[in-house]
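> Below is one structure. I have some questions about it.
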Amino acid sequence: MTNTISFWLGALVLGFFAYDYFVMDWFMTVYLGRKLLEFIEYLAFWR
């Protein structure tokens with residue numbers, strides 16, 4: 001991964017969190033976190 005790609009990827013992630021904080025009041029982050037936990041539990045079932 002080049003420095004340019006890593007910079008823009010980091011800016012995109014920070015932009016996502018800034019948008020989520022200022023516009024969505026952390027809704028998207030909480031929603032994605034809950035879905036990630038459900039997915040981890042689903043994967044643990046198949047272990």
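What follows draws every value from the coordinates through simple rules; no lab data is involved. All values derive from a computational prediction rather than experimental measurement. Cβ atoms come from the backbone with ideal geometry, glycine included; neighbour counts cover every protein chain shown.
> Quick one: helix 27-45 against the long Cα principal axis of the chain, what's the angle to the nearest 10°, folded into 0 to 90?
Relative to the chain, helix 27-45 is tipped by roughly 40 degrees.
> Which longest run of the chain has no exposed loop site in it, a site being chymotrypsin sites (Phe, Trp or Tyr not before Pro) in a DSSP loop with at most 13 other beta carbons within 10 Å, and the site itself not part of the run?
1-25
> Express in nm, to one decimal, how much length is gained between residue 12 and residue 25 on full extension, taking 0.36 nm for each residue of separation and deducting their alpha carbon distance.
Contour length minus the Cα-Cα distance gives 2.9 nm.
> For an R0 of 25 angstrom, estimate the FRET efficiency from the Cβ-Cβ distance between residue 32 and residue 5 and round to the nearest 0.05.
0.65
> Just the Cα atoms of the chain: what Rg and Dmax do they give in Å?
So, for the chain, Rg and Dmax equal 14.7, 40 Å respectively.
> Residue by residue, what Karplus-based ³J(HN,Hα) values in Hz, rounded to whole numbers, does segment 4-17 have, using 6.51, -1.76 and 1.60 with θ = phi - 60° and x for Gly and Pro?
5, 5, 5, 5, 5, 5, x, 5, 5, 5, 5, x, 4, 5
> Using only helices, what value at 222 nm comes out for the chain when you add -39,500 (n - 2.57) per DSSP H run of length 4 or more and divide by the total residues, to the nearest 500 deg cm²/dmol?
Taken over the chain, the calculation gives -28500 deg cm²/dmol.
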